[in-house]
1. Is it fair to say V581 is in a strand (DSSP E or B) and open to solvent by less than 10 Å² (accessible area, probe 1.4 Å)?
2. Give the residues of the stretch 34-55 that are open to solvent by 30 Å² or more (accessible area, probe 1.4 Å), closer than 30 Å to N616 by Cβ and either in contact with a Leu (Cβ under 7 Å, 6 or more places away or on another chain) or outside any loop (DSSP other than H, G, I, E, B) (or both), sorted by residue number.
3. Of all residues in the stretch 385-415, count the ones that are polar (S, T, N, Q) and surrounded by fewer than 14 Cβ atoms within 10 Å (Cβ to Cβ).
4. So which residues in the stretch 85-110 are in contact with a Gly (Cβ under 7 Å, 6 or more places away or on another chain) and either outside any loop (DSSP other than H, G, I, E, B) or open to solvent by 40 Å² or more (accessible area, probe 1.4 Å) (or both)?
5. Anything in the stretch 416-430 that is exposed (fewer than 15 other Cβ atoms within 10 Å of the Cβ) and either over 33 Å from the mean Cα position of the chain (by Cα) or over 22 Å from Q449 (Cα atoms) (or both)? List them, or say none.
6. Taking the stretch 564-582, which residues are of a type in the set (S, T, Y) and touching a Cys at 6+ places or on another chain (Cβ under 9 Å)?
7. Need the failing condition index for S175 against (1) touching a residue at least 60 places away in the same chain (Cβ under 8 Å); (2) closer than 27 Å to W298 by Cβ; (3) in a loop (DSSP other than H, G, I, E, B), just the number.
Amino acid sequence: MQVRLNRAELYDRVMGCWLGKSIGGTLGAPLEGRKGLFDLTYYDPVPEGAVFNDDLDIQLVWLRALQELGPGLTTHDLGRYWLKYVIYPWDEYGYGAFNLRKGLQPPVSGSYNNWYVDCEGSPIRSEIWAMVAPAAPEIAARYAYADAVIDHAGGEGVWGEMYLAALESAAFVVSDPHELIEVGLSLIPPDCRTARAVRDVLKWHREGVEWTKCRELLLDKHGHYNPQDSPQNQGIVTLGWLYGDGDFGDSILKAVNCGEDTDCTGATLGAIMGIVHGAEAIPAKWKDPVSEGIAVGWGIVGLDYPTDLDELTRQTIEMTERVLAERAPQIEIIDGATDTGDMDVEALKAPKLMLEVQQSDPLTADYDLGGLCLHVRYHEHPTIGYDEPARVTLTVESRADAPLAGDLSLLAPQGVQVEGGGHFELAARGETQTFECAFSAERADVKLQVTNPITARIALTGQDPLVQRFPLLGERVWLIAGPFDGGIEDVGGPEDGFDPLGEWDGRDGTVRFERRSAPEMQVQLDDVLGGEPGVVYAMVHLYTSVDTHINFGLDSECDFRLYLDGEMIGEVTDPPPVRPVRHRFDVDVEKGWHQLVVKLASDNGSATLFYYPMDNRPDMPGTRGHGRMDLIDTYLPDEIAGHFH
C-alpha cells in the first residue's frame, strides 16, 4: 500500500498534535484527579503561556532517544534513557524506575511489585510513536509496547498506549472517529477493560444516550476509585470525541468535565483532534493563551529539548523521515499532494501484533548478545528468599545463520547455591535450548542483599565467551504476630516492649512472632486473621549505614499504627481505598539497626499491608519520593536471627 504525505500537511498535523496536547492538558490540569461532573466553559485559570505536563515531558526524552539511537531503539534503550533523564517518582513511574535501578529490565521492571499497571502513565506517552510512524499503526503500536512495558507490563496501561498510538497513526490518513477507533481496537484484546469501555461508549452514543448519562453509565460499569485508571479514562476520551461532534473546544471540554484524570483525557483528545484537523483548524481562543512555548517540569533533568513547538515539530518530522525510510519505505513524505491511493482502512488494522503481545510474558527479560539472545524468565517473582529456591528458566536462542554450540554456566554471590546450566547445540537461526535453574540461600550461609547479581556465562565453541548479568532481588523479612482481640485503640500483645522473641495470649491461643518473606511491598495477612476480626502486628528490622532521613510509605484497608523503635510515629483510621502508598511518615534515624512495627486492626477478617520506604532527604532533591536501595531489610540482626528458622 503506497502512501504519499504532503510535507506541509504533515507539519500542520504534527504541530496540531503537540499543540492540541498542550491545550487539553492545560485545560484539564486544575481538575486532575477530581471526581464529579464539572461545568468548565474555558480555561480556569486562563494560562499565560505553556504549562508543564508530564504527558509531554517524557515524550521529549523519547524523541532524544530516537535521535541518538535511531529507529531501531529497544525497550532496554528506553529504560536507560528513563534512568538518565526522568526523576518523577509518582506511582508507576516510581515503581518502574525503582525496578530499573535494581537491575530489572523491561518488561519485568514494569510488572513486578507495581499496583499501577492499569493506569494512565503510559497511554499519555503514545503520540510520539504515532507522529514518527504516520499511516503505519502497527509500527507505532510496536514502539508504544516497548515504551509501556517499562512501567505497565501485564496491565491495561499497555493496551491503552498501543490503542492510542495505532489510532493516532491512522489519523494522519483517516478522519472518521469510528473508523479510527476500530483501527485502535484491532490492536488490543476485545475482552480487555479498555476495549470494553470504549465499545460501550460507542454503543451508548449510537443509541442516542445524552452525554452526561453516557458518563454515568461508563463510570457505573467501568469506573474505578483511582482517577488514574486507564480504561475509564479511555472511555472518557471516546465520549468527548464522539459527543463533541468535531468541535475542538466542545470535545475537550466534555472530556475534562467528566472528571477523573482530566489533564490526561484533555491532552489525549486534544492531540487526536490536532492530528485529524491540523493546527490551523484549532480556534485562536484555545491556541493563544498557551502560546507555542514548551514548559518542562522538574522531573526531567539534563535533557536538551526544543524550545518551542515549531522546533519540536521540525525535529519530530526529521525522525519521521528516518523511521519511515527504515521501517515503512512505502510511506513517503513529498512536496506534492497527499495520495493514499486505494487505501483500505482494514489494511491499517494489526490483530497479529495483539496476539504477539498476548503471548509475551511480563516476567521474561530478553538480552541481545549478538549471535545469541538470552531469555530470562522469572517464576512468579524476580526475587530470592530463605524459604524456598528462586526458580528461573533460561533459554538461549540462536540469532546466527551458522550452527552454534557451547556451554552455559552460572555464578551467584558467595553462599547462594546454584543448579542449572549445561551444554547446548543450535543448528540454525531461531533454534532454542532451555535450562531450568534454581538458586537457594540458607540463612546461616548468606545475608541476602537488596539486589543479588547472577552472572550467566556462555562459552561458545571457537568464540569469545558471552557474559550477561541479571538480578535476583532480596525478599524483605517480616516477623508477624497475631491474631489478637480488640481494635486499634486497645493496647496489648507485643506493645509491651515490642520484644521480637516474646509470647502473648492471643485471640486463639499463645502467639509468637513468626518469620515470613515478602517478595513484594504487599504483605497479605488474611491467613493470620483466619477470616475473623482482630489485630495483627507486622515487624521489620532495617539497617542504615549512615544517619539518614526516611519517608516510610504505607497503605492498608485497615486502621493502622506505625511504631519506630517502640515509639508511635503515625496512625491512620478509617482509611480511604488502597492506593499505595498514600500515607507517608517522615523520620530521622541514626546509623544502625531499627525496628519498625505496624499494628493493623481488621473489622472483617482481612488485612493487607503495603510498605515502601522512600527517600525524602532535603539535600538530595533528585531522589525524593523514590524507593530506598540503601536500607537493608532482607535479613534479621544477628542477635535474633538464630531464633527464626
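1. Values: in a strand (DSSP E or B): no; open to solvent by less than 10 Å² (accessible area, probe 1.4 Å): yes.
No, not satisfied.
2. R34 - this is the single residue of the stretch 34-55 that is open to solvent by 30 Å² or more (accessible area, probe 1.4 Å), closer than 30 Å to N616 by Cβ and either in contact with a Leu (Cβ under 7 Å, 6 or more places away or on another chain) or outside any loop (DSSP other than H, G, I, E, B) (or both).
3. Of all residues in the stretch 385-415, those polar (S, T, N, Q) come to 393, 395, 398, 409, 414.
Filter once more, so that each one left must be surrounded by fewer than 14 Cβ atoms within 10 Å (Cβ to Cβ): 414.
So the answer is 1.
4. Initial filter on the stretch 85-110 (in contact with a Gly (Cβ under 7 Å, 6 or more places away or on another chain)): 85-89, 91-94, 96, 98, 100, 105-106, 109-110.
Within the stretch 85-110, Y85, V86, D91, E92, Y93, G94, G96, F98, L100, Q105, S109, G110 qualify.
5. Across the stretch 416-430, the qualifying residues are G422, H423, E425, A427, A428, R429, G430.
6. Initial filter on the stretch 564-582 (of a type in the set (S, T, Y)): 573.
Across the stretch 564-582, there are no qualifying residues.
7. Going through the list (1) touching a residue at least 60 places away in the same chain (Cβ under 8 Å); (2) closer than 27 Å to W298 by Cβ; (3) in a loop (DSSP other than H, G, I, E, B), S175 breaks only (2).
Conditions (1) at pLDDT below 95; (2) among the hydrophobic types (A, V, I, L, M, F, W, C), marked per residue:
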{"position": "M568", "(1), (2)": "no, yes"}
{"position": "E590", "(1), (2)": "no, no"}
{"position": "V597", "(1), (2)": "no, yes"}
{"position": "A607", "(1), (2)": "no, yes"}
{"position": "T623", "(1), (2)": "yes, no"}
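The values are calculated or read from the model by the stated rules, or taken from the named source; none is laboratory data. Worth saying up front: this structure is predicted, and the values here are computed from it rather than measured. No Cβ is skipped: glycine too gets one built from the backbone with ideal geometry, and neighbour counts run over all protein chains shown. Note: accessible area is taken over every heavy atom of the protein model, side chains too, but ligands, DNA and RNA are not part of it. Shrake-Rupley method; radii C 1.70, N 1.55, O 1.52, S 1.80 Å.
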